[in-house]
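The values are calculated or read from the model by the stated rules, or taken from the named source; none is laboratory data. Bear in mind the structure is a predicted one, so any value in this text is a computation, not a measurement. Here the Cβ is made from the backbone with ideal geometry for all residues, glycine too, and neighbour counts use every protein chain on show. When the accessible area is computed, the model is the full protein with side chains, heavy atoms only, and any ligands, DNA or RNA have been set aside. Shrake-Rupley method; radii C 1.70, N 1.55, O 1.52, S 1.80 Å.
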Amino acid sequence: MAIQQKAKSFRENWLQIDTLRCGMDWSEEDLESPQILVDDVFGHSHPGSFHLDSLSHEISKGVYQKGGKPSEFHVTDICDGWAMGHDGMNYILLSREVICEMVEVHAAVLPWDGIVLVSSCDKAIPAHLMAAARINIPLLHLPGGSARIGPDMTSSAKSAEMTSGYKQKQFSKDEMRSYILSCDPSCGACQFMGTASTMQCMSEALGMALSGSALVPATLQEMHRYARRSGQKILELAEKGIKVSDILTREAFLNAIKVHAAIGGSTNALLHLPAIAHELNIEISYDDFEKANETVPYLTNIQPSGTFLTEMFWFAGGVPRVQWEIQDLLDLDVMTVTGKTLKENLKDLKREGFFERTEGWLRNHKVNRTEVIRDAKQTSLRGSIAILRGNLAPEGAVVKFSAVTKEMMVHEGPAAVFDREEEAMKAILDKKIKSGDVIIIRYEGPRGTGMPEMLATTEALITDPILSKTTALVTDGRYSGATRGPCIGHVCPEAARGGPIGLVEDGDLIRIDIPQRRLEIVGLKGTKMIPEKVNEVLSERKKNWKMPKFPQRSGVLKRYLQSAAPAYKGAYTEY
């Protein structure tokens, strides 16, 4: 069946379209070919995007091979690592909205016959999937792969981890040098199961990326083969008329949430998956995540919750191996960008030797597959994310409990309250936080400052030998996927919306009970009280509450702060 080319009537209505293309690299024959947009986030912004132009070139070759004409567009993304520790971090989450809108603009210029989107990292992948949902034509996503492993199983997070020690003169610049030079030895996403790696897995688990394509080691030729196949496959999708809405169904989202529970994915996926679903008028709630984490076996042994890095995850079979292990819990009849169902994809991978081939790489390291991805029937572990509720978070809060020690699963302590992350980090480094404290960082939600992530502060906390074992952190902001310990984020309602977290005062007693899924204020000014009394005092405080005065914002950040949805909905822009 031939592709019904969408651009023909537009070209005939306005001949300058063809004139402008002939001023570039288009031949007359190209003008009559199916037209494919290849849109990436290539740029000199960070290792996750530096190599994407080469993948787009490879996609274009695949498009040509199938008789199409590709057009390569770019919207460079930015890196959380560059923005850490200063106000630049306030722009990171909103960049998701901007990238999404720019891709939407690219897609609206001409009625393309198909689109391939290429991205590796935290905000670009959800931005691309949000844009895909808006555009809703034949489209697939190519993940940009994983960076290679640093010496001694280290990742780019090692230098972040050591920064607090460096600031406190525990390390010299010379001692840091080896980590700076070697812990991120290639292009690709950061090597732990942070948000970038998680979202690559989510793209594949949703059915929007080719089976096995998430977290391929970026320097392997396999990465370029996936790119070439993506270029070929988009013409097949266009011919069959398979649109994004045929793939991104509620069942697909529930499958992805279950994979997320099995891999110990980043808490940021609880922002991104609901935001993507929102574009299709599909509701994804915290309850969907909670249900999955109660039933799905936790399978992976990947940093920051485990030992290995994401290259080893792909060698162990990656997302397809996880799907194989939990297939009884998945809807296997969902459509994917292969043009086949998930059930058919898994059977094809098994038949053509994908699992045996990738595990051969593992044997080079003398590692067994079950050391990296456990057999579902051989583990009693369930889930990795918990949703906490209580009078401190009536609409919910999120914690990655797979990265919390047994001793801190239940904790009660006095609040140490800060209205800005920078103030909390300084207090930690200045040794002003006491063992047992519950650090409260507020006014850092979507309507507060743009919901920055707090890796700098969590690393300062985790590298203190005493505080790391005795102190918790609670915020209406968010965390890096590299975060470890009892760090509870996404508290809703946020302080900027008048949520209870904005009413907490120094010395109030905070109780965290992850097994019971509770986050509560249980006492005031150091005195434990019955819930009714606590609520009575909070009501009085609410009458006197006023939003603190912060520096005036302008431009895109101001617009985002005025229009961001609550975190539990996905922090997307509400128009």
Handout entry: Subset of region 514-540 [buried (at least 16 other Cβ atoms within 10 Å of the Cβ) and under 30 Å from residue 384 (Cβ atoms)]
Key = 514, 517, 518, 519, 520, 521, 522
Problem - Which listed residue, of 84, 153, 102, 89, is in contact (Cβ under 8 Å) with a residue 12 or more places away in the chain and in contact with a Pro (Cβ under 6 Å, 6 or more places away or on another chain) - result: 89
Exercise for the section: Would you mind listing the helices (runs of 4 or more DSSP H) fully within region 320-421 where at least 3 residues are open to solvent by 70 Å² or more (accessible area, probe 1.4 Å)? Expected result: 342-351, 354-364
Completion exercise
Within region 174-187, restricting to residues that are of a type in the set (D, E, K, R) and either modelled with pLDDT of 80 or more or under 16 Å from residue 148 (Cβ atoms) (or both), the one that is most open to solvent (accessible area, probe 1.4 Å) is 177
Practice task
Could you please find all residues in region 554-575 being out of contact with any helix residue (DSSP H, G or I) (no Cβ under 6 Å at 6 or more places or on another chain), touching a residue at least 12 places away in the same chain (Cβ under 8 Å) and assigned to a loop (DSSP other than H, G, I, E, B)?
Solution key: 565, 566, 575
Exercise for the section: Give me a count of the residues in region 533-575 that are over 24 Å from the mean Cα position of the chain (by Cα) and of a type in the set (A, V, I, L, M). Expected result: 4
Exercise for the section: Determine whether residue 197 is of a type outside the set (A, V, I, L, M, F, W, C), more than 21 Å from residue 282 (Cα to Cα), assigned to a helix (DSSP H, G or I) and open to solvent by less than 10 Å² (accessible area, probe 1.4 Å). Expected result: yes
Practice task
Kindly check whether there is at least one residue in region 497-506 that is closer than 24 Å to residue 432 by Cβ and open to solvent by 20 Å² or more (accessible area, probe 1.4 Å).
Solution key: yes
Completion exercise
The correct count of residues that are open to solvent by 20 Å² or more (accessible area, probe 1.4 Å) and modelled with pLDDT under 95 in region 89-107 is 1
Practice task
Output the residue which, of all residues in region 433-461 that are of a type in the set (A, V, I, L, M, F, W, C) and part of a strand (DSSP E or B), is nearest to residue 168 (Cα to Cα).
Solution key: 439
Completion exercise
Per the list (1) part of a loop (DSSP other than H, G, I, E, B); (2) surrounded by 14 or more Cβ atoms within 10 Å (Cβ to Cβ); (3) not acidic (Asp, Glu), residue check on residue 549 breaks on (2)
Handout entry: Hits in region 477-496 (condition: assigned to a loop (DSSP other than H, G, I, E, B), out of contact with any strand residue (DSSP E or B) (no Cβ under 8 Å at 6 or more places or on another chain) and either open to solvent by less than 10 Å² (accessible area, probe 1.4 Å) or at pLDDT 95 or above (or both))
Key = 481, 482, 494
